[in-house]
1. Among the listed residues 22, 4, 11, which satisfies the condition of being in a helix (DSSP H, G or I) and at pLDDT 95 or above?
2. Enumerate the pairs (first residue in segment 1-23 and among the acidic types (Asp, Glu); second residue anywhere and surrounded by 10 or more Cβ atoms within 10 Å (Cβ to Cβ)) with beta-carbon separation below 9 Å, excluding pairs fewer than 6 apart on the same chain, so at least 6 apart or on different chains.
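The values are calculated or read from the model by the stated rules, or taken from the named source; none is laboratory data. Treat the numbers as computed from the prediction; the structure is a model and nothing was measured. So basically every Cβ, Gly included, is an ideal-geometry build from the backbone, and we count neighbours across all protein chains shown.
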Amino acid sequence: MAFEIIKSIIEAEKKAETMKQEALAQAEEMKAEALEKSKEIMLQTKQKAKQDMQEKIQQAITDIQPKRNEILADAQDKCETIQKTALQRMDKAAVAVIGKVVG
C-alpha cells in the first residue's frame, strides 16, 4: 500500500514537471509572439508617423503658398520701384556730370 502511494506521488511529480515544462515552453512562445507583434506595431507606428509628417509638411507648404506669392509680389514691386528711382536719379546725375564737365 505504501508502495502504491509513493508510486502515485512520483507519477504526480512527473506529471507536474511535464506540465511545468509545457507551461514554460508556452510562455516562451507567447513571449516571442508578443515581441514580434510589438516590433510590427512599432514599424507600423513609425510608418504612420512618417506619413503623417509628410502630409503635414505638404499641407504647410500648400497653406503658406498664398503668403509666399504675396511676399514675392511685394518684393517684385519694391524692386521695380527702386529700379525706376535709380534710373531717374541716373538721368539727373548724368545731366549734373555733363553740366560740370561742359560748364
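1. Details: 4 fails: at pLDDT 95 or above; 11 fails: at pLDDT 95 or above.
Residue meeting the stated conditions: 22.
2. From residues that are among the acidic types (Asp, Glu), there are no pairs.
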